[in-house]
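No value in this document is a laboratory result; all are computed from the given coordinates. Bear in mind that the values here come from a model prediction, so they are computed numbers and not experimental data. Note: ideal-geometry Cβ built from the backbone for every residue, glycine included; neighbour counts use all protein chains shown.
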Amino acid sequence: MKKFIKSTIVMILILGSLGTYYVQSAMVTNDLPRYHIEKVKGEEELIDNLIIRGTYSHEEVNDRFVLTNQGIEYSSELNIVERFEGQYNFTRQRLREKYPDFMRGTQYVHNNLYEDDQYLILVKEDYEYEQSEAQHELEISMLNKESKEEKEFEVTVKEMSHIVDIQYVDSNVHIYIKKRNHQSQNISIVDLTINPNSGSIENETVLIESKQSNKKNQYVNISQLGESVNYAPMQYLLFRDQLETVEEGTDGMRVTDRESELLAYNTETGEDKKLDLSQKEYGLAAMFDGKYLYFEVYTEQGDLVMKPYNVESESFEDSITIEVGKQRTNILKTVKDGQLYIVHNSKVKVFDVQSGDVVYEGKIVSGDNPDLEFVYFDFVEFK
Amino acid sequence: MKNFIKLANFEFNRMSKLLFALMGFVLVVQLGAVFYETSTFMSKFNQYMENEQLTREQALMNFDTISFGAVMGNILFFGPIFICVGAILFYIFLIWYRDWLGKNTFVYRLLMLPTERFNIFLSKLTTVLMATFGLVAFQLVAILIERSVFNLLIPDDLRQEVYFNQLMNTYPFTRILLPTNFDEFLIFYGTGILSVVVIFTVILLERSFRIKGIALGILYGLAMVGLVLSPIIINEEWFLDHYFYLSEIFWIEVVVSLIALALSMIISRKLLNDKVRV
Amino acid sequence: MIEFKNVVKKYGRKVVLDGVNFTANKGEITCLIGVNGVGKTTIMNAIMKLTPVQSGEILVDGEKVTKKTFEKVAFIPDAATMLPNMKIEEAMEFMDDFYTSWNQSRANELLDFFNLKKKDKISSLSKGNTAKVNLLMGLALDVDYILMDEPFSGIDIFTREQIAEVFTSHLIEDRGVIITTHEINDIEHLIDKAVLLDNGTIYKEFNTETMREDEGKSVIDVMREVYRG
């Protein structure tokens, strides 16, 4: 059996060394703490779609994770496909799992998605050049979640720059787009009202238009105020219409002056109004959920004060104070549907803005161990 | 089965000298990287201490520590890995052609053995795989040896400890050769095995039909590449427009790859049985 | 019995075997005769499935050639078939590993007969000794048929005599032998049957003894008629 000595040695080497390597790699992953959110009080459904992202870093492990009400998933535990696609577009992932057939062919979801309890609307963009002019083809697919009925229609738009938002109001699909005229460079926000039954544009309304000034160093722009949940139904859309004066300095172009107006557009009535909320006076507008605009201020003690501004009534609700104290730890926050979500230390809290009550409270723990020493939470969002 | 094992062992013994030589080469040259990096580092440190007129403790405060990663970034470390990869690639061809070419035409003997001729194919495949995995496994052991030598040469307070998994993840060579995730290992080496089987089929096409076989072989190779890539290509914008999810494409790929593997093996078996020439 | 039935073999457009028919019987020495390049070697390769044929049938004892046939027919090509870095004993071990028909005592006998040393490396052997090793690997198999391709070409006179001696010994008796040669002299007296080949076809197939007795012609006489006439 002398002949077999070499191959036996090499076989043992292969199995022993590769086996140990992969068993040891697997063990590192197995030892990761299983954090979960334990309910203290309130309605648990509120955090069903909440995602807390973070990093666990201890000794040889440095692993990103996603914590939800369903538990924790570390990057190293993902299969190869999930690792390749990346762990970032959770809305797309959730919709794919729930509506696999409807979501086919959808590469990304962002501003091109609308979702309420009954409908899911997706818009795909496609460019086409016709006589050197770019045309956007918008392919709209609409799913009735209850009846499973799907509708698809296509409309063509000129001068479109991008989709701003999608809403569904009074049985009509509203696609809000930003347009830029090639010659004048004028910018406008346009509401395309589409009747799903006819599948064509019934109405094209200009909500805001900004004409470029004649001065060479002035530029206009319209931007939408970020929404915490892109796809959610919104009573209001907020736009900032601004005029920038630019000067060429030694280090390139520099904005020397900025005039801006905050406009609130009511998606239900189609009316708009100007909001008088200067940053100097109220602080930074941090988040918007369709009804409330949230301003945040830190007190001298270091506590965080959230001031919800009711766009409808144009008044502030009672402030919500989150005690930070001297620790100055990372506070993660997001809003949805008149509710403020705070992740701080090892607590998850949901405040109802109108009443100021805590409607949900949970604790992040691993077994009996509430120790978050090696954990860093860096982002909270809705999937 | 018994004949396959005997044949595989025989083939392996034929390449074992080369394999052990490569292993020795890897260890020696990589140890060279260890000695080079440690001695440059230590002499830099000593010089710094001397020039600045510092005590060891003072010098330590301002001097960056060294980790084993420095060794892994040295060309003497990854150079031998490239050479081994090249040697294996070369051997994939050599393992067939050496039996035909030269004065000794061992292929007569192989083809006249009273056993399934496909065993020849399998034994050569097994040998290539054992050599590949043998080298990879040896590289793991070699890193452990090199790391302990490194630790002996650099005092604790000048050394930055890096965990083994992190080391393996940091450098592209080790990350591809030994991905820390086992599924990546399976996919990487699965693709490798498929490639070797397809190349073997191309070689057998050439050995069966000679000049015409070269053209056939190239066409076959391209067809296989096309077949394996086809699910990804047809899922692009111009055809299915991402109709399939990546996870579905993945499993389609697995199935298509297995089909390509089976097809190549069936063709190879047929060629060995009925078409091959001495 | 080894039978060729209408075997056609082409390399591209070149027809090497153009409907070859002949039989070789067990217990007889059949000699394939023809100038170089008429397809003698191809016939042997075809029996061992070392080259594909386009049509026709090759049968060994009435059966098609399979892996089992290789325990029944041994082919001794004119090139060495063992690895050059093997010792003779290693080559014998290899044969023993794979062939149930390997007969070690006969191998030892042949080793003695040919005056070969087990410990010698094949690559270090002279041309004559390499040919002997080749013969040894074939003859030590307990097979019914032995195919020999040009066993005498390029070999010194003493080795030729030694090899010729094998044919009359018990090492061959009862077996069927097909031998190819382009020089008939050495073995004319040994062969039972001659098959003359030309341009890929069988020109003449005859029993040497009958030919001598009936027509009074030797093989060379017949060859003269055929190739010159």
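Summary table
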quantity: Charge context of B:Arg207, other residues only, Cβ under 9 angstrom, K/R +1, D/E -1; calculated: +2
quantity: Relative contact order (%) - criterion: Cα under 8 Å, at least six apart; region: segment C:1-132; calculated: 22 percent
quantity: Peptide B:101-108, shielding by other chains (average Cβ, 10 Å cutoff); calculated: 6
quantity: Förster radius 35 Å - calculated FRET efficiency between A:Glu43 and A:Ile208, Cβ distance, rounded to 0.05; calculated: 0.35
quantity: Computed E for B:Ile5/B:Ile214 - FRET, C-beta separation, R0 35 angstrom, nearest 0.05; calculated: 0.60
quantity: Charge sum, other residues only, whose C-beta stays under 12 Å from C:Ile155's C-beta, Lys/Arg counted +1 and Asp/Glu -1; calculated: -3
quantity: Förster-model FRET efficiency, 30 Å R0, A:Asn186 and A:Glu128, C-beta, rounded to 0.05; calculated: 0.85
quantity: Helix A:5-30 vs. chain A, principal-axis angle (Cα, 0 to 90°, nearest 10); calculated: 50 degrees
quantity: Loop sites in segment A:40-149: GluC sites (Glu not before Pro), DSSP, at most 11 other Cβ within 10 Å; calculated: A:Glu43, A:Glu59, A:Glu146, A:Glu149
quantity: Rounded tilt (10° steps) of C:157-168 against the dominant C-alpha axis of chain C; calculated: 80 degrees
quantity: Partner chain coverage, peptide C:76-85 - average Cβ within 10 angstrom; calculated: 5
quantity: Total charge dipole magnitude, the protein assembly as shown, about the Cα centre, Cβ charges on Lys, Arg, Asp, Glu only, Debye to nearest 20; calculated: 5240 debye
quantity: Distance from segment C:179-215 to segment B:94-164 (C-alpha centre basis), Å; calculated: 53 Å
quantity: Span from the segment A:91-117 Cα centroid across to the segment A:186-228 one, whole angstrom; calculated: 25 Å
quantity: Size of electric dipole in chain B: Cβ of Lys, Arg +1 and of Asp, Glu -1, about Cα centre, debye, nearest 20; calculated: 2160 debye
quantity: Order of C:Asp149, C:Asp78, C:Asp142, A:Asp378 under a 10 Å beta carbon neighbour criterion, fewest first; calculated: A:Asp378, C:Asp142, C:Asp78, C:Asp149
quantity: Whole-number percent relative contact order across chain A, with pairs defined as alpha carbons under 8 Å at least 6 apart; calculated: 15 percent
quantity: Spin-label pair C:Thr100/B:Arg98, simplified geometry with 7 Å Cα→Cβ offset, distance in nm; calculated: 3.2 nm
quantity: For segment B:181-278, with +1 on Lys and Arg beta carbons and -1 on Asp and Glu, the positive-most of B:Met224, B:Leu240, B:Tyr189 along the dipole; calculated: B:Met224
quantity: Given charges at beta-carbon only (K, R positive; D, E negative), |dipole| of segment B:181-278 in Debye; calculated: 1000 debye
quantity: Exceeding the 29 Å Cα-Cα cut-off - candidates A:Lys274/A:Lys363; C:Lys14/C:Lys64; C:Lys5/C:Lys132; A:Lys179/A:Lys215; calculated: A:Lys274/A:Lys363; C:Lys5/C:Lys132
quantity: Amide N of segment A:301-316 lying under 18 Å from the label point, which is placed 7 angstrom from the Cα of A:Thr329 along Cα→Cβ; calculated: A:302-305
quantity: Shape of segment B:146-253, Cα gyration tensor, a/c cut at 1.5; calculated: oblate
quantity: Pairwise centroid distance, computed over Cα atoms, of segment C:119-170 with segment B:11-47, Å; calculated: 49 Å
quantity: Partners for A:Lys145 among lysines (Cα-Cα distance below 23 Å; same-chain residues under 8 apart left out); calculated: A:Lys98, A:Lys124, A:Lys336, A:Lys383
quantity: Label-point separation, B:Phe173 to B:Ile193 (7 Å along Cα→Cβ), nm; calculated: 2.6 nm
quantity: Selection from B:Leu113, B:Leu152, B:Val34 lying farthest towards where the dipole of segment B:1-175 points positive, charges on Cβ; calculated: B:Leu113
quantity: Using alpha-carbon coordinates, inclination of helix B:246-270 to the longest axis of chain B, degrees; calculated: 50 degrees
quantity: Top positive-direction residue, dipole computed over chain A with Cβ charges, set A:Ile14, A:Asn197, A:Ser278; calculated: A:Ile14
quantity: Qualifying aspartates and glutamates (Cα of each under 14 Å from Cα of C:Lys26; at least 8 residues distant if same chain); calculated: C:Glu3, C:Asp61, C:Asp142, C:Asp144, C:Glu173, C:Asp174, C:Asp192
